[in-house]
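Read through the structure below, which is laid out as C-alpha cells, and then see the notes.
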Number of protein chains: 2
Amino acid sequence: MTHNVALNWKGKMHFESEGPGGKVLIDGAEEFGGEGKGVRPKAMMLSALAGCAGMDISSLLKKMRAEVAHFAIDVAGELTDEDPKFYKNVKVTFKFYDKEFNKKKIEKAVDLSVNRYCGVMEMFRQFANVTVAIEYIEE
Amino acid sequence: MTHNVALNWKGKMHFESEGPGGKVLIDGAEEFGGEGKGVRPKAMMLSALAGCAGMDISSLLKKMRAEVAHFAIDVAGELTDEDPKFYKNVKVTFKFYDKEFNKKKIEKAVDLSVNRYCGVMEMFRQFANVTVAIEYIEE
C-alpha cells in the first residue's frame, strides 16, 4: 500500500498539504519568516506518533473491555543541536482518566501498541531513544 | 530545544492534537472504525517531510535569488506489508512552475535541503529508502 501527499506552496513559509483524510495548513514560526497560519512540520511527526498510538489504544481498550472515561497522550521530542535537527530523545506519556482502572489490561494495550502495532513508533525507534510512561488520573 | 504535543481523545478513532502552531484533527479511515473527521496519523509523517523540505526550498530560493512562480512537493510512501507497518520506500518529487528556471540554483537548493538542512528527511533516511526527483513545468 502506498500513501500519497501533495504539498502546495502558498507563499513565504506557508503550505497546504493534502493527503489521506484531508488538508493540513503548515507554516513556520514568526522568527523563521512564518506568519502563524499553520502547524510546524517537524512537530507534526510528534502528532503522528501520538495519533498512531492513540488509535491502537482506543481500539485495544474496546476489544479488551477495559475502556476508560478519557485518555490523552503527551509527546515531548528533544531535538539535536546541530543541523539537520532531528528528535533524539522522545518521551510518550499515556494519561488515563476514570474513577477506577483495569491497569493490567491498560498496560497490555500500551505494550501492544508501542511494541507491536504502531508503525510510527517503529519508525521513531530507528532515530530516537523512545521512553514510555503511564499515568492514571482518578476523577 | 524540546517540542511538545498534546493529543486528546474525542471518541472512537477521533483525536485533537495541539502543538506548535495550532491544532490538527486526526481520524481513522472508515474501514478502521473512523468517521472521516481528520487526517490519518501515519500520512502526517509524509506531510511533515514535504513541509520541512518546502520551507527550506522557499527560504533558499529567496536567498539565492532564484525564486519561482510556484512550487509543489509530492510524497509517495510505500508501506511494509507486515505490522508494524512503516514507510520502506519514499519518493519525494519537487515540482517547479514558471516561464523559465535557474536550474543550477534550484538543484543546489534541493540538494541543500535533502542532504543538509531538512531534519525530517534525516529521520526518514533512518528507516526508509528515500529517492528524490525534480520536475520543471513551463507555463
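Listed values, structure above:
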| item | result |
| --- | --- |
| Förster radius 25 Å - calculated FRET efficiency between B:F32 and B:T80, Cβ distance, rounded to 0.05 | 0.90 |
| In degrees, nearest ten, helix A:103-112 long axis to first principal axis of chain A (Cα) | 40 degrees |
| Using a 7 Å Cα-to-Cβ projection, B:P20 label spacings across copies, nm, ascending | 2.6 |
| Computed label-point distance, nm, for sites A:K103 and B:E67 using a 7 Å Cα→Cβ extension | 5.9 nm |
| Shortest-first distances to equivalent copies, position B:T93, nm, label 7 Å out along Cβ | 4.3 |
| Closest approach to the axis - chain A beta-carbon, rotation onto B, Å | A:Q126, 2 |
| Formal net charge of residues neighbouring A:I106 (Cβ-Cβ distance under 13 Å; K, R +1; D, E -1) | +1 |
| Cβ-based net charge around A:G28, under 11 Å, with every Lys or Arg adding one and every Asp or Glu removing one | -1 |
| Considering only chain A, percent of DSSP beta bridges that pair antiparallel, nearest 5 | 65 percent |
| Relative contact order of chain B, defined on C-alpha pairs under 8 angstrom at six or more residues apart (%) | 18 percent |
| Shielding of B:29-39 by partner chains, average beta-carbon count, 10 Å | 3 |
| Where Rh is the Kirkwood radius over Cα pairs, Rg/Rh for chain A | 1.03 |
| Teacher prompt: A:D111 distances to equivalent labels in other copies, 7 Å Cα→Cβ, nm | 5.1 |
| Within-13-Å neighbourhood charge of A:E139 [Cβ basis; K, R +1; D, E -1] | -2 |
| Among the listed pairs B:K10/B:K91; A:K42/A:K91; A:K63/A:K103; B:K23/B:K88; A:K63/A:K104, those beyond 22 Å (Cα-Cα) | B:K10/B:K91; B:K23/B:K88 |
| Prolate/oblate/rounded call for the protein assembly as shown, Cα gyration tensor, a/c under 1.5 rounded | prolate |
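Values in this text are rule-based calculations from the coordinates and carry no lab data. Since this is a predicted model, take the numbers as computed values, not measurements. For neighbour counting, all protein chains shown are included, and Cβ atoms are generated from backbone atoms with ideal geometry for every residue, glycine included.
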